[in-house]
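Heads up: the structure comes next, in structure tokens.
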Amino acid sequence: MNKKPSFLESAACHVVLVIAVAFALYPVLWVVALAFSGTQTPSPRVIPVPEAPTLAHLSAVVGATRKVDGAEVWLFGRQLANSLVVSLSTALVGVLIAIPTAYALARFRFAGKESGMRALLATQMFPAVASAIPLYMILNSLGLLNSRTGLVVCYASTSVPFSIFQLRAAFEAIPIDLEEAAMVDGATRFSAFVRVVLPAARPAIAVTALFAFMGAYNEFILAATLLDKEEMFTLPVMLQRFIGEYDAQWEKFAAGALVVSLPVMALFYVAQRHLVAGLTAGGVKG
């Protein structure tokens, strides 16, 4: 029988949690204070509060425009669309390729299975910056520089191996008896996969897609290397432009960081019920 914690133990636990949350949120409070401050950077204080609060920095970031081919375009809207289209496409491509591949690796035996897994693992050992120059040369020869398609191809090449490893563990955690029972009742292998395995692996698939989306949405090095037209920038590249060699527009940088984080926060809120189940999928086999 579990012993109920005493009042002092419960109070100490809550104090530790409050301190941990305060440490985690304190930098975020400074970002908020910078984003809504006036022309002066907030002076150092225990609780950061914006001095002369204003929406000017947010308006400058979100309302930025530029002439493209003689027409005035909403620059931030174009950059936001670039990030969302590239990130969603990367997640979709990664998951669609990874699902059948991971299922085959989890359920079947075939020649080259182990060597293939080792090759996939080897691709995860190299940092993205190591492939920046080769990818630039390949995309340049294909005419895909400064394009969303080129970014999706590059990001998918890194998200697919990760997605395969994540989903393989999830499929291995699903008892094969469920599929066999469905096939005894007359279902084909494909039907059992669609009607039994995929619903059971839905949380893991959702979390895998979320991580693929986040990886593409936050990626900076490849995007900064492969894009040089401002209207084709993704949001991380746009943020970097506020930090120059001799000047740093920290207020605009903070305002942009807040706006850029909103789609991610909304996505996490929508997918939160899948996170715990998806992250623990594959932790226990059988």
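The values are calculated or read from the model by the stated rules, or taken from the named source; none is laboratory data. Predicted model only: the values in this text are computed from it and were never measured. Quick reminder, even Gly has a Cβ in these numbers, built from the backbone with ideal geometry, and neighbours come from all protein chains shown. Ligands, DNA and RNA are stripped out before the accessible areas are found, and what is left, the full protein with its side chains, is counted by its heavy atoms. Shrake-Rupley method; radii C 1.70, N 1.55, O 1.52, S 1.80 Å.
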The lone exception for E114 - which of (1) assigned to a loop (DSSP other than H, G, I, E, B); (2) open to solvent by 50 Å² or more (accessible area, probe 1.4 Å) it fails: (1)
Of (1) exposed (fewer than 12 other Cβ atoms within 10 Å of the Cβ); (2) closer than 18 Å to A209 by Cα, T101 satisfies all except one. Which? (1)
Can you find a residue in region 140-157 that is free of Cβ contacts under 8 Å to residues at least 60 places away in the same chain and aromatic (F, W, Y)? no
In region 200-209, what residues are at pLDDT 90 or above and not small (G, A, S)? I205, T208
For region 147-176, how many residues are over 30 Å from M232 (Cα atoms) and open to solvent by 30 Å² or more (accessible area, probe 1.4 Å)? 7
Any residue in region 177-192 that is open to solvent by 30 Å² or more (accessible area, probe 1.4 Å), outside the structural domain of P27 (by TED's automatic domain parsing) and on the phi > 0 side of the Ramachandran plot? yes
How many residues does region 63-91 hold that are open to solvent by less than 50 Å² (accessible area, probe 1.4 Å), modelled with pLDDT of 90 or more and among the β-branched types (V, I, T)? 2
Going by the structure shown, is A224 among the small types (G, A, S), assigned to a helix (DSSP H, G or I) and surrounded by fewer than 20 Cβ atoms within 10 Å (Cβ to Cβ)? yes
Only residues in region 79-97 that are closer than 15 Å to L226 by Cβ count as the first member; pair them with residues that are open to solvent by less than 40 Å² (accessible area, probe 1.4 Å) and among the polar types (S, T, N, Q), Cβ under 7 angstrom, at least 6 apart or cross-chain, and list the lot. Q79/T234; N82/T234; S83/T234; V86/T234; T90/S159
